[in-house]
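Trainee: Okay, handing you the structure first.
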Amino acid sequence: MYSIKNLVFYQSLQEILIISIVKNALVFSNICMYNRKNMSDIIKHILKYYFRYLFFFFMCIGLFVVVKSRNAPLSFTLPQASTCNTGWYYYDETGTEHYITSLPAVIPAKKSPITRIYHFYAGEYPQEICFYTHHQTAQFSLNGRVLYEYSVTGNPSWLEDYRSFYHIVELPPVKNGEMCLSFTPVGKKYAGEYDSIYIGTHQEILVKLFLDRMDKLFLGVLLLIMSIICFFLSQMYKRNFSEDKTLLHLCYICFFFGLWILEESKLLQFIIRNQGVHWCLEYLNQHFILLSAILVVRDIVVPSKKKVSEAFILISQCVSLIVIVLQLAGILQLYNSMYILQLFSVGFCVYITYLVNTGNFFHTKQRQKMFNFFMLLSVIVFVVIIIGHFNRSYGSLVMNVGVIFMFTSFLFIANQKTMDKYKAIQQAMLYQKLAFVDFNTGVASKTAWFSLIEKFDQEKDGMINCCLLLFDMNNLKKLNDSKGHLFGDKVINTFCECLTQAFSEDGTVFRIGGDEFICFCRHSNEEEVSANLKKFEELEAVHKGTELEFSCAYGYVFFTPHSKDDFTEAQQRADSLMYEMKRRMKIGREFEY
């Protein structure tokens, strides 16, 4: 009885739905027939929001499938190789047997650098064993029969190097056998090192290695993706201006660092079989990382720190060249000097952080504090890992997070720096269109000076150290009256060329009156301003005795602007100093007034 009621209910529901669909179809057809304008609007509306409707439709389908499949979870597990880190033993010099608690371990090697460890093995079906060599040659035998040997042949005479690799050896089925693993190190400090050992099928070993090294693999791939992003951004900005190559150089350091991290994962060896390629990626690549860091430092150098940056760059270049020379001469192996190059790279990261803070590349203090915290954490962990007194599994996690944040921050800063320059160029073009350039001299106009003050942003520009120099030409009125205004304009242009040339790297020149000029400098100090003024006076002396001879008085003040009124106050102070110089010049009777 209950089922009959349900059947009647569903039949009634179907009839209602059919009647509703037919009714709506008739209404829609009437609209189409009698109101073509409304139909056209509906079609336009559908075409305009087509992708939104399609996206919503797919979302509904996906949600329906997910809900319907909630009671049928997937059962998926990857078979992994088992570790064989216990049960190993070795014999000391007296022949006494010693059991190893667990691998990884270091076996004593006093008289001979060659060490051997043993393990009983019984397997009914073929398996494979995987072990790791760290600057060591290896020999693996079963029941006294050598199954595998690893050594490097064909290297140049100056390249006595054995890299770090995983080795997979097939084990035949035996009922009772003894495995022997023998390592011979390149240097004494690598003697007796034994890492974890895995036993299983080939697939199980690869899965185990992939899962153990997955963090480095993903970090390397992420850095390579970041390098691609940097490259495309640099090419996009290159269309507008090619002077700034910060993003391109950041692309280099992300690319080389990503390759190094991928090599550190040890998974590339299953794709690339050439051992020389791995040597380049692991050791020679350190030089490319260092050179890329040098290029980035040159791009973001602050003028006041230019000498320190050049000294740091020169020292690092000398160290890199010395390492290469010692390597080619066979005196020093590159893997022994790798830590020196890594420490220099870390030093450059620290210095870049310092330059970023000094140059005020952050628009907000919150971003600056967060960047400094993660950079400091990454550098500390990286240095401690290099020294070796830290839990490497925990350190690797912190290091990966730190590296991701560090390079993401560098990308953000480089893009922001390039965007600022791009906006500055666009702003300069706008100034030119709006007559923000004094067309007689080519320098910025009075309007541009007042616009700079009006657009002053305290949060962005409040920490920038500034210098305002006010110049006033002497005897310009007398010159105009005697030789005409056209000749006076030539003298003014000569003055502007000398002033612009002297302050080309540090300041912007504004013409605020007929014979009054302001030179505004950011990131300036007393030494730089004095050097620029000396250069200006030398250029002025070149024109002494010529028909374009000119003279001027000037005054300058240093200030840190916190508001628009600070610019006005600085201009008044510079004006007072300029008139004081005029008074002294008049007393000295160098010019007539």
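The values are calculated or read from the model by the stated rules, or taken from the named source; none is laboratory data. In this text the structure is predicted, and so the values were computed from the model without any measurement. Every residue, glycine as well, gets a Cβ built from its backbone with ideal geometry; the counts of neighbours run over all protein chains shown. Please note that ligands, DNA and RNA were not included when accessible areas were found on the heavy atoms of the full protein model with its side chains. Shrake-Rupley method; radii C 1.70, N 1.55, O 1.52, S 1.80 Å.
Trainee: Do the alpha carbons of any pairs in K238/K423; K534/K582; K446/K483; K477/K586 sit beyond 20 Å of each other, and which pairs?
Mentor: K446/K483
Trainee: Using r as the Cβ-Cβ distance of C60 and Q203, and R0 as 56 Å, what FRET efficiency do you calculate, to the nearest 0.05?
Mentor: Computed FRET efficiency for C60 and Q203 comes out at 0.90.
Trainee: Take the Cβ-Cβ distance between H134 and R298 as r, set R0 to 30 Å, and report the resulting FRET efficiency rounded to the nearest 0.05.
Mentor: Here the calculated transfer efficiency is 0.25.
Trainee: Given a Förster distance of 22 Å, report the FRET efficiency between F439 and F487 from their Cβ-Cβ distance, rounded to the nearest 0.05.
Mentor: Computed FRET efficiency for F439 and F487: 0.75.
Trainee: Rounded, prolate or oblate: which one fits region 467-593, using the alpha carbon gyration tensor with axes a ≥ b ≥ c (rounded when a/c is under 1.5, else prolate when a/b beats b/c, else oblate)?
Mentor: Prolate shape, in that a/c is at least 1.5 and a/b is the bigger ratio.
Trainee: Could you pull out which residues in region 175-197 have an amide N less than 20 Å from a spot 7 Å beyond the Cα of A105, following the Cα-Cβ vector?
Mentor: Only 177-185, 189-197 fall inside the zone, counting backbone N under 20 Å.
Trainee: Still on this model: Given H placed on each backbone N at 1.01 Å, which residues far from V437 in sequence or on other chains put an amide H within less than 5 Å of it?
Mentor: Those qualifying (amide H under 5 Å, at least 5 residues apart or on another chain) are S445.
Trainee: Just going by the charge dipole of region 247-354, with Lys and Arg at +1 and Asp and Glu at -1 on Cβ, which of L341, W260, I331 is farthest out on the positive end?
Mentor: The residue sitting most towards the positive pole is L341.
Trainee: Over the heavy atoms of T246, what accessible area does a 1.4 Å probe trace out, to the nearest 10 Å²?
Mentor: For T246, solvent-accessible area is about 0 Å².
Trainee: Same structure, new question: Given 0.36 nm per residue, what is the gain on full extension from V542 to L332 after removing their alpha carbon distance, in nm?
Mentor: Value of the extension gain: 70.0 nm.
Trainee: What length, rounded to one decimal in nm, is gained on full extension from S563 through to M581, with 0.36 nm per residue of separation minus their alpha-carbon distance?
Mentor: Residue separation times 0.36 nm, minus the Cα-Cα distance, leaves 3.7 nm.
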